[in-house]
Each structure stands twice: as structure tokens, then as C-alpha cells.
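The values are calculated or read from the model by the stated rules, or taken from the named source; none is laboratory data. All values derive from a computational prediction rather than experimental measurement. When we count neighbours, we look across all protein chains shown, and the Cβ atoms used for this are built from the backbone with ideal geometry, even at glycine. Areas reflect the complete protein model, heavy atoms only, side chains present, ligands, DNA and RNA absent. Shrake-Rupley method; radii C 1.70, N 1.55, O 1.52, S 1.80 Å.
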Amino acid sequence: MRDTDINPFNKAFEKPAFVSYIVAGDPSPAESIETAKALIDGGADVIELGFPFSDPVGDGPVIQRADTRALDAGFKTGDIFRVAEGIREYSDVPVVIMTYLNPVVTTGTDLFYKTAKESGVNGILIVDMPVEESDIITDAAKRYDLAQIFLISTNTSEERIAGILQASAEINISSGNSGSTITRGFVYLVSSPGVTGARDSLSHDVFSLISKVRQISDELGISMPLAVGFGIARRSQAEDIINAGADGFIVGSAIVKIIEKYSDDINLQRAMIRKFAEEITEFRSLPESPASDAADDSG
């Protein structure tokens with residue numbers, strides 16, 4: 001395989017992937033880089049950088065407060081790319097930007113994707129972009145070789161799931177120079193309706209969703225990693241998601257709560273973030289480990 005065929009997400013999903021979310025610029029761009037380093041040191045396989053947004057309709061109160069902290073500190077669009085650069089200098093883990101459509105359009109779609117690529121970003125997720133309107137980013141995603149990540153929720157119809165998988169495949173699956181199949185990114189499954197935030201228990205609907213999406217993707221001949229997010233805060237929940245057939249789990253609010261809780265002691269904050277990452281991924285190295293709530297969302 002030539003270097004041009006290497007997919008940066010392959011390594012991340014060799015084992016159940018821990019996708020960790022932080023808000024870029026919370027409380028500052030420099031601190032976000034250090035937070036990402038602690039997560040990577042603890043076992044994070046993908047870093048998802050949230051774009052601080054003044055009207056984050058998809059995010060719950062924990063992430064909304066993080067958005068506010070970043071914006072109040074003077075966050076500008078270019079800061080998210082500088083955070084990505086800082087992470088890239090430290091590690092080769094894939095970096096994904098999770099944003100709303102407005103910052104992309106305001107910046108200019110081509111310029112946003114070009115700058116993301118130059119900053120070491122590997123993928124883009126636009127929370128409020130319906131798949132029916134994804135034509136506006138398709139060319140840029142392909143031009144700059146960035147994974148485009150789409151959301152599927154428990155409310156998504158089977159017909160729409162098929163459409164989202166096909167749109168994802170069109171952008172993210174290609175043939176490499178050596179003839180190999182390159183699959184970029186992953187499909188983001190939303191565990192339950194509503195906004196982000198830690199939940200005491202996951203809806204059984206998410207387990208049905210994993211099975212349904214897997215079946216439809218198999219019928220379409222589309223093979224993409226499936227990662228589940230929204231509500232995951234404990235090791236037992238992550239383990240349940242993986243045992244149900246997902247390839248990865250995504251944690252956001254539980255991490256952001258730690259950042260918030262220990263904001264007065266940066267060294268302790270980093271230690272707690274790394275500890276959380278280590279505990280929530282521990283089951284991956286324990287073949288028969290019992291479910292445990294070793295990592296909780298209490299921060």
C-alpha cells in the first residue's frame with residue numbers, strides 16, 4: 001500500500017474507538033490543545049473539536065456553557081484550526097471538527113475545508129446540515145480529502161438511513177492508487193432524541209438502531225464504521241454499545257464537565273481527564289471484563 005492510500009481512521013477503529021469531544025477554545029485555544037493531549041495519553045483514538053456556537057441547538061447545557069466560556073474568551077473561527085494544528089503536532093490521531101452550517105458558509109465552504117485540511121483536520125461533521133443539502137460541501141470534502149461525517153438518529157426512517165449511508169459512501173469511500181478501498185471517517189449514530197448530555201441509562205432504541213443501520217449498510221454493500229454518541233458517560237455504557245455491534249463510542253458532556261469542575265486547578269483537571277479516558281477504555285484490554293461504572297460522569 002502506498003502512503004497515499006493510508007486512511008487515518010483505520011488505526012482508530014482497529015479496536016473499539018473512543019471518540020472524545022471537547023469544545024475548541026474552552027477555556028482557551030492553548031488549554032484545548034493540552035486537554036486533547038491528556039485525552040490522547042489516556043486512550044482517545046479520535047479527537048472531535050466542537051465549534052463554539054452562539055445558538056447550539058444540538059447541544060445540552062454542559063456544552064452550551066463551554067461554548068459560552070470560549071466565546072466570552074474571544075474565540076474566533078481561525079482558533080479551531082490552530083487547536084487542530086497543535087493536536088497534530090503532538091499526535092497522528094484523527095481530528096474531526098463538529099460544527100454548525102453557519103460558520104462554514106460564513107467562512108466560505110471551500111476556504112473552511114481548505115484551511116481545515118492544511119491544519120491537519122481529517123473530517124468534518126455539520127450538525128444541522130440535512131443530507132438533502134449536502135451537495136454544498138461534497139466537492140470541497142472530496143477536493144481536500146476530508147471525511148464527511150453524517151448523523152443518524154433513532155428517529156431516522158429506514159429510507160433516510162439508506163440515503164445518508166449512500167451520501168456518506170459517495171464522499172468517503174474511494175479506490176486508492178494501489179486499488180485498495182479507502183473508507184474515511186465513520187457514521188455517527190445518535191443514541192436518543194434530544195440534545196447532548198450524560199444520561200443515567202441508554203435507551204434500548206439505540207441497540208435496535210445499531211442493528212438496523214448495520215443491516216441496511218450490508219444490503220447496500222456499504223462498509224463504514226459506526227460510532228454512537230449522545231449520553232455516553234460510563235465505561236459500562238461504552239461496553240454495552242460495543243457489545244451491541246458498534247465500532248466506536250463518543251463521549252462529550254462527561255469530559256466537558258470535568259473541564260468545568262476542575263477549572264481552578266489545571267494540573268488536577270488534566271489528571272482527571274486522563275484518568276477518565278483510561279477508565280472508560282479499560283474494557284478494551286479486558287476480554288471478559290464485567291460491566292463497571294468505573295468511569296462516571298460526576299467529574
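Kindly establish whether residue 83 is β-branched (Val, Ile, Thr), out of contact with any Lys or Arg (no Cβ under 6 Å at 6 or more places or on another chain), more than 28 Å from residue 204 (Cα to Cα) and open to solvent by less than 10 Å² (accessible area, probe 1.4 Å). For residue 83, the condition - β-branched (Val, Ile, Thr), out of contact with any Lys or Arg (no Cβ under 6 Å at 6 or more places or on another chain), more than 28 Å from residue 204 (Cα to Cα) and open to solvent by less than 10 Å² (accessible area, probe 1.4 Å) - is met. The single condition from (1) more than 22 Å from residue 75 (Cβ to Cβ); (2) open to solvent by 40 Å² or more (accessible area, probe 1.4 Å); (3) not hydrophobic (A, V, I, L, M, F, W, C) that residue 117 fails is (1).
You will find that of 252, 245, the residue that is among the small types (Gly, Ala, Ser), in contact with a strand residue (DSSP E or B) (Cβ under 8 Å, 6 or more places away or on another chain) and more than 24 Å from residue 51 (Cα to Cα) is 245 and no other. Quick one: would you say residue 55 is among the acidic types (Asp, Glu), assigned to a loop (DSSP other than H, G, I, E, B) and under 17 Å from the mean Cα position of the chain (by Cα)? When the stated conditions are applied, residue 55 does not pass them. When residue 57 is tested against (1) closer than 24 Å to residue 238 by Cβ; (2) open to solvent by 60 Å² or more (accessible area, probe 1.4 Å); (3) hydrophobic (A, V, I, L, M, F, W, C), just one condition goes unmet, and that condition is (1). The C-beta contact set for region 242-262 (first residue in contact (Cβ under 8 Å) with a residue 60 or more places away in the chain, second residue open to solvent by 10 Å² or more (accessible area, probe 1.4 Å) and small (Gly, Ala, Ser), distance under 7 angstrom, 6+ apart or interchain) comprises 253/197; 253/198; 257/299. Against the test of being under 17 Å from residue 37 (Cα atoms), assigned to a loop (DSSP other than H, G, I, E, B), at pLDDT 95 or above and of a type in the set (Val, Ile, Thr), the options 96, 83, 121 yield a single qualifying residue, 121. Cβ-Cβ distances below 9 Å connect the following pairs, each with a first residue in region 120-131 that is open to solvent by less than 10 Å² (accessible area, probe 1.4 Å), a second residue that is among the aliphatic types (A, V, I, L, M) and assigned to a loop (DSSP other than H, G, I, E, B), and a separation of six or more residues or different chains: 121/146; 123/146; 124/146. Look through region 87-106, keep the residues that are out of contact with any Gly (no Cβ under 9 Å at 6 or more places or on another chain) and free of Cβ contacts under 8 Å to residues at least 60 places away in the same chain, and return whichever of them is surrounded by the fewest Cβ atoms within 10 Å (Cβ to Cβ). Among those that are out of contact with any Gly (no Cβ under 9 Å at 6 or more places or on another chain) and free of Cβ contacts under 8 Å to residues at least 60 places away in the same chain, it is 106. Only a single criterion out of (1) open to solvent by 60 Å² or more (accessible area, probe 1.4 Å); (2) of a type in the set (Gly, Ala, Ser); (3) within 20 Å of residue 127 (Cα to Cα) is not satisfied by residue 78, namely (1). When region 152-192 is filtered for residues that are among the hydroxyl-bearing types (Ser, Thr, Tyr), surrounded by 15 or more Cβ atoms within 10 Å (Cβ to Cβ) and free of Cβ contacts under 8 Å to residues at least 60 places away in the same chain, the ones remaining, listed by number, are 153, 154, 156, 168, 174, 191, 192.
Listed by position, the strands (runs of 3 or more DSSP E) contained in region 125-216 that have at least 3 residues being modelled with pLDDT under 95 and farther than 17 Å from residue 248 by Cβ are 173-175.
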